[in-house]
Amino acid sequence: MPLSDRELFARLIKCEAEGEGEYGMKAVATVVMNRVHVSYGEYFRVCQGSLRRVILQPFQFTCALTTVYGQYNPQNIYNMRPDDFHYQIADWALSGNKLSGVGSALWYYNPFSAVCATYFPKTKTGIYVTRIAQHCFYNPTPLYAKT
């Protein structure tokens with residue numbers, strides 16, 4: 001049986017940010033929903049407001065990949081078993097809530113260093129806005145509109 005959008009979202013939250021604490025998970029959930037609701041650029045064009053399409057868009061979330069660098073990725077959304085707390089965060093985001101300070105961020109990543117790059121990705125479509133736990137968050141630049 002296919003996973004519901006809500007369960008897929010809770011699994012993604014667990015997989016991508018469980019070790020980041022409540023604020024980290026809410027920040028990741030905020031980015032996902034920002035992608036769902038953005039009204040221009042790649043995510044609007046490709047995902048058309050669909051949570052499922054945002055989560056499953058190729059190469060966007062490591063946890064949505066079963067293979068990474070040619071190797072099986074055991075930490076993927078299909079292996080995750082979300083707890084009630086992950087569903088609560090998913091429901092919080094699905095209800096229109098956003099984590100303050102994350103803004104309109106469309107990207108996050110863990111740089112595995114103390115420093116967040118000013119732009120992400122290399123195309124400079126995102127500009128650094130904040131760091132929460134190990135993740136750096138990026139708001140869209142005017143270049144994003146051209147994607």
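The values are calculated or read from the model by the stated rules, or taken from the named source; none is laboratory data. If you're wondering where the values come from, they're calculated on a predicted model, not measured in any experiment. We place every Cβ from the backbone using ideal geometry, glycine too, and count neighbours over all the protein chains shown.
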Picked from the range 103-124 (must be at pLDDT 95 or above and touching a helix residue (DSSP H, G or I) at 6+ places or on another chain (Cβ under 9 Å)), the residue surrounded by the fewest Cβ atoms within 10 Å (Cβ to Cβ) is Ser104
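Have a look at Ala133, Ala105 and point out the one that is within 23 Å of Leu8 (Cβ to Cβ) and touching an Asp or Glu at 6+ places or on another chain (Cβ under 9 Å). Please lay out each step first, then the result.
On the way: Ala105 fails: touching an Asp or Glu at 6+ places or on another chain (Cβ under 9 Å).
Residue meeting the stated conditions: Ala133.
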- Query: Is it true that some residue in the range 15-27 is within 12 Å of the chain's Cα centre (by Cα), among the acidic types (Asp, Glu) and assigned to a helix (DSSP H, G or I)?
  - Reply: yes
Tell me whether the range 88-102 contains one or more residues that are under 19 Å from Phe137 (Cβ atoms), of a type in the set (Ser, Thr, Tyr), surrounded by fewer than 22 Cβ atoms within 10 Å (Cβ to Cβ) and free of Cβ contacts under 8 Å to residues at least 12 places away in the same chain.
yes
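Would you confirm whether any residue within the range 69-84 is out of contact with any Gly (no Cβ under 8 Å at 6 or more places or on another chain), surrounded by fewer than 19 Cβ atoms within 10 Å (Cβ to Cβ) and of a type in the set (Gly, Ala, Ser)?
From the range 69-84, those out of contact with any Gly (no Cβ under 8 Å at 6 or more places or on another chain) are 69-84; that's our starting set.
If we keep only those that are surrounded by fewer than 19 Cβ atoms within 10 Å (Cβ to Cβ) as well, we get 69-75, 78-79, 81, 83-84.
Checking which are of a type in the set (Gly, Ala, Ser) leaves us with 70.
Yes, some residue in the range 69-84 is out of contact with any Gly (no Cβ under 8 Å at 6 or more places or on another chain), surrounded by fewer than 19 Cβ atoms within 10 Å (Cβ to Cβ) and of a type in the set (Gly, Ala, Ser).
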Residue pairs within 8 Å by beta carbon, gap of at least six or interchain, first lying in the range 42-55 and more than 11 Å from Leu8 (Cβ to Cβ), second charged (D, E, K, R) and in a helix (DSSP H, G or I), listed first then second, are Tyr43/Arg35; Val46/Arg53; Cys47/Arg35; Cys47/Arg53
